[in-house]
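Asks: I am attaching a structure below and will ask some questions about it afterwards.
The values are calculated or read from the model by the stated rules, or taken from the named source; none is laboratory data. Just so it is clear, the model here is predicted, and its values are computed rather than measured. Backbone-built Cβ (ideal geometry, glycine too); neighbour counts: all protein chains shown.
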Amino acid sequence: MRTPEEELETIRQAGLWRQLRQIEAIDGPRLTIEGRPYLNFSSNDYLGLAHHPALASAAKDALDRFGTGSAASRLICGSLAPHHELEECITSLKGTEAALTFATGYATAVGTLTSLAGKNDVLILDKLCHASLVDGARLSGATLRVYPHNNLEKLEHLLQQSSDKLSPHGRIIVVTESVFSMDGDLAPLEDIIALKERFGALLLLDEAHALGVLGPRGLGLAEELELQGRIDLQMGTLGKAAGTSGGYLAANRAVIDLLINKARSFIYSTAPVPAQAAAAKAALQLIASPEGNTLRQQLRDRLQEFSTHTNCPLPRSAIVPIPCGDNDSALAASESLRSAGILVPAIRFPTVPRGQARLRVTLSAAHDAQDIATLCSALAQLPDQA
């Protein structure tokens, strides 16, 4: 029988060892680890809302009213007002009939896909979809098909093939992210919608890394392209630009009722703390407000400064991948930046394919121009890095 120690040694030898580092203090884009300050370019807090006073105030008010915990599943002990208010806010912003929130984005993906797809159905995923979407697809028992990243020709072929073989009561669901989490690029959303409509499929769009960043009200790529009304299943997370935690699915009323009755990650999980839901509602309202527009412009300014300093194309999202190739190179580059007081993670398999290890730089409205200059100066000193 193999031992955990043997498995860990295999992980180390492959350059895939990971460990937790305790953060002792956070001040916007600056944090302290083991007594040393770092400039943080690893966070998904794209608008800097995690420490916004409006979110803290909303959380404190809910804490005073409802206490520290929800006590049980929402179907067991009653469904608290902050959760309903958050879902009403999402419904209004997304222009759907209803919405349902989950404890995490992972729980949202798994709960949604396992509820809406089964053995008579087909799920067609972009190859670079997040692990939560892949896991949900596998657990559903549906036939799983994967198309090369953003390859519309292959997607069309799989839709045609699946449509021809589909049982009379079967569903086809296309699954994609709008902004891909490790590459920062965008899905060709309008073309994907045209294909899913042509073949009578449904579309699940995960706006995790687009919420707060794209669109006139920060609601994502679908809003930016004026396509929200043509998307069947609008998924997102609240732990990135919204500065809190949790996930949501916005759709028609029947879909949401189906999730309430079938989604195991919703039914069999204690509800998120009410303070979390209250803070998330405040975050969404702020994102859609004039202040949210100001923060998005600040983020765009930082992206433009990064582009100017590095002579790279203007990033289309807050995520900037810097290819390294092998694991050791990515780890060495990350450690070099760490030595310079800059935190940028080395992303390796299985998060990205083998041989495509990289640094993943994430920019935030909370950074200032000097922060970007400091980062770019350090990047320029890395071997083979622009």
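Asks: Taking GLY184, is it of a type in the set (Gly, Ala, Ser), surrounded by fewer than 18 Cβ atoms within 10 Å (Cβ to Cβ) and at positive phi?
Replies: no
Conditions (1) more than 17 Å from LEU284 (Cβ to Cβ); (2) modelled with pLDDT of 95 or more, marked per residue:
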residue	(1), (2)
ASP27	yes, no
ASN40	yes, yes
TYR46	no, yes
ALA54	no, yes
ALA62	no, yes
LEU75	yes, yes
GLU88	no, yes
LYS94	no, yes
ALA109	yes, yes
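Asks: Taking the residues in segment 37-89 that are out of contact with any strand residue (DSSP E or B) (no Cβ under 7 Å at 6 or more places or on another chain) and among the charged types (D, E, K, R) as candidates, determine which candidate is surrounded by the fewest Cβ atoms within 10 Å (Cβ to Cβ).
Replies: ASP64
Asks: Right, here's the next one. For segment 69-103: of the residues being β-branched (Val, Ile, Thr) and farther than 16 Å from GLY246 by Cα, which is farthest from the chain's Cα centre (by Cα)?
Replies: ILE76
Asks: Which is of a type outside the set (Lys, Arg) and in contact with a Gly (Cβ under 7 Å, 6 or more places away or on another chain), of GLY78, GLY118, GLY67?
Replies: GLY118
Asks: Given the criterion in the same structural domain as TYR248 (by TED's automatic domain parsing) and either touching a strand residue (DSSP E or B) at 6+ places or on another chain (Cβ under 8 Å) or not hydrophobic (A, V, I, L, M, F, W, C) (or both), identify the matching residue among LEU219, LEU227, LEU205.
Replies: Only one candidate passes the filter, namely LEU205.
Asks: Within segment 357-386, track down each residue that is among the polar types (S, T, N, Q) and out of contact with any Pro (no Cβ under 7 Å at 6 or more places or on another chain).
Replies: Scanning segment 357-386 gives THR362, GLN370, THR374, SER377, GLN381, GLN385.
Asks: On to the next question. For residues in segment 104-155 being over 20 Å from the mean Cα position of the chain (by Cα) and of a type in the set (Val, Ile, Thr), which is surrounded by the fewest Cβ atoms within 10 Å (Cβ to Cβ)?
Replies: THR143
Asks: Here is a further query. Hey, does segment 25-33 have a residue that's without any contact (Cβ under 8 Å) to a residue 40 or more places away in the chain, loosely packed, with under 15 Cβ neighbours inside 10 Å and in contact with a strand residue (DSSP E or B) (Cβ under 7 Å, 6 or more places away or on another chain)?
Replies: yes
Asks: Can you name the condition, by its number, that ASN327 falls short on among (1) touching a strand residue (DSSP E or B) at 6+ places or on another chain (Cβ under 6 Å); (2) more than 18 Å from LEU16 (Cβ to Cβ)?
Replies: ASN327 satisfies every listed condition except (2).
Asks: While we're on this one: Among the candidates SER178, SER162, SER245, single out the residue that is among the small types (Gly, Ala, Ser), more than 19 Å from VAL122 (Cβ to Cβ) and touching a strand residue (DSSP E or B) at 6+ places or on another chain (Cβ under 6 Å).
Replies: SER178
Asks: Another question about this same structure. Right, ASP301: of a type in the set (Asp, Glu) and assigned by TED's automatic domain parsing to the domain that holds LEU31 or not?
Replies: Answer is no for this residue.
Asks: Still on this structure, please answer the following. Restricting to segment 339-375, give me the number of residues that are small (Gly, Ala, Ser), buried (at least 22 other Cβ atoms within 10 Å of the Cβ) and assigned to a loop (DSSP other than H, G, I, E, B).
Replies: Counting residues in segment 339-375 that are small (Gly, Ala, Ser), buried (at least 22 other Cβ atoms within 10 Å of the Cβ) and assigned to a loop (DSSP other than H, G, I, E, B) gives 3.
Asks: Name every residue in segment 109-129 that is over 16 Å from LEU203 (Cβ atoms) and of a type outside the set (Gly, Ala, Ser), in order of residue number.
Replies: VAL110, THR114, LYS119, ASN120, LYS127, LEU128
Asks: List the strands (runs of 3 or more DSSP E) inside segment 20-61, counting only whole elements, that have at least 1 residues being out of contact with any Pro (no Cβ under 9 Å at 6 or more places or on another chain) and among the aromatic types (Phe, Trp, Tyr).
Replies: 36-40
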